[in-house]
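The values are calculated or read from the model by the stated rules, or taken from the named source; none is laboratory data. A quick note: this is a predicted structure, and the numbers were derived from the prediction, not measured. Because the Cβ atoms are built from the backbone with ideal geometry, glycine has one as well, and the counts that use them run over all protein chains shown. These area figures cover heavy atoms from the full protein model, side chains too; ligands, DNA and RNA do not enter into them. Shrake-Rupley method; radii C 1.70, N 1.55, O 1.52, S 1.80 Å.
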Amino acid sequence: MSTHACRSALAVLAATALLTGCSSLRQTLQNRPCVLDANAPYDVVAIDPMRHEIALYWRNPASGEPFARIGSLLAYLESQGDSVIAITNAGIFEKNLTPAGLYIERSLTLNPINLADGYGNFYLKPNGIFYITPHGAAIIDASQFSTQEGSATFAIQSGPLLLSDGRVHPAFMRGSINCRLRSGIGVAPEGRIFVAISNGAVNFHDFAMYFRENLGVQNALYLDGAISTLYAPPLGRTRQSGKRYGAFLVVRPKR
């Protein structure tokens, strides 16, 4: 392409950004072809409540600062004598590494529920909350959570909901070209929990269908997109992402 043509293309992109908004343009440019690894389209951590437990971590108790990186959290967990089955970034967060919505850790509400409207995946209503009580784990529409909050030991809000009682989110379209690496969490009727991450790019509809049709999940929540990571040594995933995150979800053997 000639220099003149390049400048013309950049001018069109700039004009589009002014008309449609930089965020919309950035999302369009970041989409990838919907292609998954043919041999292993997803990596899945299956969590049995009888043998495993889930905990959320955001800030280091010693410094009060976010752990931010998996390596920092791993060092802390090792210092506490904890062994780890898996770690993944737990939901969408703000630039200052604060969770975008509700965050409960060890029965303490450290960030309030967010029912506001806005732009982006978090605000694609209905969004939802993954939470744990002494009776097990569940995923619920965020707008219906208030009656559950008192008994939740851990909770994280993210969005959008992938599945609600087996129904795919109404905004998802079969064949959509909005394809990214995606991670999510689902709860099956018998109580098992699944954390899944795509190996390649997938649209929301197909990701939701994977939870329902392949994992037997009725309720599932999107955690995050292109920046998502999964550290899971039992699956051979030992690479520690150098990216900075908000909260983390940790799976470990039941104490």
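So for segment 73-81 (the condition being out of contact with any helix residue (DSSP H, G or I) (no Cβ under 6 Å at 6 or more places or on another chain), of a type in the set (Ser, Thr, Tyr) and open to solvent by 10 Å² or more (accessible area, probe 1.4 Å)), does at least one residue qualify? Even if it seems obvious, please write down each step before you answer.
The first filter runs over segment 73-81 and keeps only residues out of contact with any helix residue (DSSP H, G or I) (no Cβ under 6 Å at 6 or more places or on another chain), leaving 73-81.
Cutting the leftovers down to of a type in the set (Ser, Thr, Tyr) gives us 76, 79.
With the extra rule that they be open to solvent by 10 Å² or more (accessible area, probe 1.4 Å), the set shrinks to 76, 79.
Yes - at least one qualifying residue is present in segment 73-81.
Conditions (1) within 20 Å of ILE54 (Cα to Cα); (2) surrounded by fewer than 18 Cβ atoms within 10 Å (Cβ to Cβ); (3) of a type in the set (Lys, Arg), marked per residue:
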{"residue": "PHE145", "(1), (2), (3)": "yes, no, no"}
{"residue": "GLY150", "(1), (2), (3)": "yes, yes, no"}
{"residue": "CYS179", "(1), (2), (3)": "no, no, no"}
{"residue": "ILE185", "(1), (2), (3)": "yes, no, no"}
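Just a yes or no: is a residue in segment 227-236 in contact with a Phe, Trp or Tyr (Cβ under 7 Å, 6 or more places away or on another chain) and either outside any helix (DSSP H, G or I) or open to solvent by less than 40 Å² (accessible area, probe 1.4 Å) (or both)? Full working, then the answer.
In the first step, residues of segment 227-236 are kept if they are in contact with a Phe, Trp or Tyr (Cβ under 7 Å, 6 or more places away or on another chain); the result is none.
Checking segment 227-236: not a single residue is in contact with a Phe, Trp or Tyr (Cβ under 7 Å, 6 or more places away or on another chain) and either outside any helix (DSSP H, G or I) or open to solvent by less than 40 Å² (accessible area, probe 1.4 Å) (or both).
Of (1) open to solvent by 20 Å² or more (accessible area, probe 1.4 Å); (2) touching a strand residue (DSSP E or B) at 6+ places or on another chain (Cβ under 7 Å), HIS169 satisfies all except one. Which?
(1)
I need the strands (runs of 3 or more DSSP E) fully contained in segment 31-116, keeping only those with at least 1 residues that are of a type outside the set (Phe, Trp, Tyr) and within 19 Å of ARG237 (Cβ to Cβ). If you could, list the steps in order and put the result at the bottom.
Numbers: elements: 42-47, 52-57, 86-89, 103-105, 108-111.
Hits in segment 31-116: 42-47, 52-57, 86-89.
Check segment 168-176 and report whether any residue there is touching a residue at least 60 places away in the same chain (Cβ under 8 Å) and either touching a Gly at 6+ places or on another chain (Cβ under 8 Å) or part of a strand (DSSP E or B) (or both).
no
With the structure loaded, tell me whether TYR231 is in contact with a Lys or Arg (Cβ under 9 Å, 6 or more places away or on another chain) and touching a residue at least 40 places away in the same chain (Cβ under 8 Å) or whether it fails that test. Show your work before the answer.
On the way: in contact with a Lys or Arg (Cβ under 9 Å, 6 or more places away or on another chain): yes; touching a residue at least 40 places away in the same chain (Cβ under 8 Å): yes.
So TYR231 fits the description; yes.
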